[in-house]
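S.K.: Sharing a structure, written as structure tokens. Questions coming.
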Amino acid sequence: MAKIYLRAGHGGRYSGAVGNGLVEKQETLRHILMLAEELSKYEGLELKLARTADVTVELNDSIAEANRWGADLYYSSHINGFQDSSAYGYESHIYPTPLAESIRVQNVLHPKQAAVWVKWGSRDRGKKRSNFAELRETKMAAILVENGFITNKNDAQLLRNNSFLQELTQATVEAFVELYDLKKKEEPGMTAKTYIVQSGDNMYRIARNNNMTLEELASYNPHITDINYIEVGDIVFLSKPTLFEVDYAAMNRELILCRKKKEEYEKIGKEINTLSHKFL
Ligand SMILES: [Zn+2]
């Protein structure tokens, strides 16, 4: 179980960099919230967020919290700012004498995030090593990303673009999936045991093959109104289904019957066609 600590840079009374009508603390929070929502669809990880709103969380408190929690990764999200508005692009930072795990994280995460920036017309400023407190004082693998320059018009434009942000989030999720071998949570599906009717099947044989009486099998399958009559593709429940599952099986049966009817009509249509050629 990977424990990932996500920190949206700044917040509350620390606004961070500002430019082009954007404030860093808000944009970092937006990125972290989008990321956390996507990551919640996966299993094999635990998340902790330094903040989920525009509140003041001291940097030292975040670092201490991540250390105490025993995080496997400290991911810090920032946005650059510079007096020269022509500076632009994405960069990632790890500590100058990093843990091997920090290097691994940067090698996986950086190219994926950078590719999104480059694709949207910004640029990759490279993998950096910096003596930042967040990277120095954290005991686990730690990475700090600078998602563009808020002071650059084009980068700021991208930070306002939802499609861009979604791609950036997706790239980040893909990196975490690769780093920690995360698996997508199963969508809720059928809970009852099912069998799909094959050509030549009948209910007696299906019951016998599954060591149950015909009455028992029939009781699990109220959508099969006549046990002497089943169609190839019919869903047969081998254990007690939910009401929803019965509805689904009944709809599936309607669909099979509709297709069969359609084939019959097409066949009749062809025959009429052939006959009319004979007589006309
Ligand atoms: Zn910052």
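The values are calculated or read from the model by the stated rules, or taken from the named source; none is laboratory data. On a predicted model such as this, the values are computed, not experimentally measured, just so you know. Neighbour counts are summed over all protein chains in view; Cβ atoms, including those assigned to glycine, are modelled from backbone coordinates with ideal geometry.
S.K.: State all residues of the stretch 2-35 that are more than 13 Å from the ligand (Cβ to nearest atom) and in contact with a strand residue (DSSP E or B) (Cβ under 6 Å, 6 or more places away or on another chain); if no residue qualifies, say none. Steps first, answer last, please.
M.R.: Of the stretch 2-35, the ones more than 13 Å from the ligand (Cβ to nearest atom) are 2-6, 12-13, 20-21, 30, 33-35.
Result: ALA2, LYS3, ILE4, TYR5, LEU6.
S.K.: Just to be sure, is GLU146 assigned by TED's automatic domain parsing to the domain that holds MET34 and closer than 25 Å to LEU59 by Cα?
M.R.: Details: assigned by TED's automatic domain parsing to the domain that holds MET34: yes; closer than 25 Å to LEU59 by Cα: yes.
Taking the combined requirement at face value, the residue satisfies it.
S.K.: Follow-up. Taking into account only those residues within the stretch 43-67 that are among the polar types (S, T, N, Q) and away from the ligand (no atom under 16 Å from the Cβ), which is farthest from the chain's Cα centre (by Cα)? Steps first, please.
M.R.: Restricting attention to the stretch 43-67, the residues satisfying the condition of being among the polar types (S, T, N, Q) are 52, 56, 60, 62, 67.
If we keep only those that are away from the ligand (no atom under 16 Å from the Cβ) as well, we get 52, 67.
Values: THR52: 20, ASN67: 27 Å.
Out of the qualifying residues, it is ASN67.
Listed here are the residues, each with its yes/no results for (1) modelled with pLDDT under 95; (2) in a loop (DSSP other than H, G, I, E, B); (3) closer than 20 Å to TYR14 by Cβ.
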| residue | (1), (2), (3) |
| --- | --- |
| ALA66 | no, no, yes |
| TYR75 | no, no, yes |
| PRO96 | no, yes, no |
| LYS112 | no, no, no |
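S.K.: Of the numbered conditions (1) outside any helix (DSSP H, G or I); (2) touching a helix residue (DSSP H, G or I) at 6+ places or on another chain (Cβ under 9 Å); (3) assigned by TED's automatic domain parsing to the domain that holds GLY70, SER239 fails exactly one; give the number of that condition.
M.R.: Here SER239 clears every test but (3).
S.K.: I'd like the full set of residues that are in contact with a Ser or Thr (Cβ under 9 Å, 6 or more places away or on another chain) and surrounded by 15 or more Cβ atoms within 10 Å (Cβ to Cβ), limited to the stretch 88-104. Before you say what the answer is, go through the steps one by one.
M.R.: So in the stretch 88-104, the residues in contact with a Ser or Thr (Cβ under 9 Å, 6 or more places away or on another chain) come out as 88-90, 93-96.
Residues satisfying the conditions are TYR88, GLY89, TYR90, HIS93, ILE94, TYR95.
S.K.: Please name all residue pairs, on different chains or six or more residues apart, with Cβ atoms under 7 Å, provided the first residue is in the stretch 17-28 and is within 14 Å of SER76 (Cβ to Cβ) and the second residue is more than 12 Å from the ligand (Cβ to nearest atom).
M.R.: LYS25/ASP54; GLU27/LEU159
S.K.: From the list SER122, SER40, SER85, pick out the single residue that is modelled with pLDDT under 95 and either more than 16 Å from the ligand (Cβ to nearest atom) or among the basic types (Lys, Arg) (or both). Outline the logic, then answer.
M.R.: Values: SER122 fails: modelled with pLDDT under 95; SER85 fails: modelled with pLDDT under 95.
Step by step, each of SER122, SER40, SER85 is checked, and only SER40 is modelled with pLDDT under 95 and either more than 16 Å from the ligand (Cβ to nearest atom) or among the basic types (Lys, Arg) (or both).
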